[in-house]
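The values are calculated or read from the model by the stated rules, or taken from the named source; none is laboratory data. Just so it is clear, the model here is predicted, and its values are computed rather than measured. Cβ placement follows ideal geometry from the backbone for every residue including glycine, while neighbour counts extend to all protein chains displayed.
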Amino acid sequence: MALLESKPITLGTTMPSFELEDSYGDRYTLVNSVGEKGLLIIFSCNHCPYAQAVWPRLITLAKLAKALEITTLAINPNIHPDYPEDSPDEMAKYASEIGMDFPYLIDADQSVSRAYDAQCTPDIYLLDHHLHLCYHGRVDDNWQDEALVKREELKEAILSLGNGRPLSEQQFPTMGCSIKWVNRS
């Protein structure tokens, strides 16, 4: 699995609209999903060890965000024949197993992932209620061992956004497995 970092995106960028389904056929749009104060979008998958390591933290942070009127969506860009563990059926099973209580959406044609310039799993985007990017970075400073975390950058960003405080402009890229792009040639 190729290790990649997220690409820098200018803070304040208005993020592209989308409409995607979850494993149950329920449809979600960017505009209808944003909470009163914002939206946390997580591009991720089931099989990546980097994603697996931080899923529990992301689920906890989604609960914090919800309490602050920030909703959460996860988007799986790895709908790829070589990765059956990331199929829509497996997504539903995995979400249930890990206690995910927010939508886990299927980016079957990878168009949303491309529009967001997502690179890896996980790739994390925090938008304000106007759909402007205000955080694009890592969960914290130690993806491997939560007990060794010293800086919780995503938590700090969620708290700042939810409480109407300015967010730090210093943001560190997330890293993870490369998105498994489907060759469309």
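Numbers below:
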{"item": "Qualifying residues in segment 42-54 (those that are in contact (Cβ under 8 Å) with a residue 60 or more places away in the chain and under 14 Å from residue 75 (Cβ atoms)) - the one nearest to the chain's Cα centre (by Cα)", "result": "42"}
{"item": "From 160, 185, 113, 168, residue being at pLDDT 95 or above, more than 16 Å from the chain's Cα centre (by Cα) and not basic (Lys, Arg)", "result": "160"}
{"item": "Residues that are loosely packed, with under 13 Cβ neighbours inside 10 Å, more than 16 Å from the chain's Cα centre (by Cα) and not aromatic (Phe, Trp, Tyr), drawn from segment 2-41", "result": "2, 3, 10, 12, 14, 25, 26, 27, 31, 32, 36"}
{"item": "Qualifying residue in segment 42-64 (condition: surrounded by fewer than 16 Cβ atoms within 10 Å (Cβ to Cβ) and touching a Phe, Trp or Tyr at 6+ places or on another chain (Cβ under 6 Å))", "result": "no"}
{"item": "The lone exception for residue 99 - which of (1) touching a strand residue (DSSP E or B) at 6+ places or on another chain (Cβ under 6 Å); (2) surrounded by fewer than 13 Cβ atoms within 10 Å (Cβ to Cβ) it fails", "result": "(1)"}
{"item": "Flag if residue 124 is in contact (Cβ under 8 Å) with a residue 24 or more places away in the chain and over 17 Å from residue 13 (Cα atoms)", "result": "no"}
{"item": "Residue check, residue 94 surrounded by fewer than 13 Cβ atoms within 10 Å (Cβ to Cβ) and in contact with a helix residue (DSSP H, G or I) (Cβ under 9 Å, 6 or more places away or on another chain)", "result": "no"}
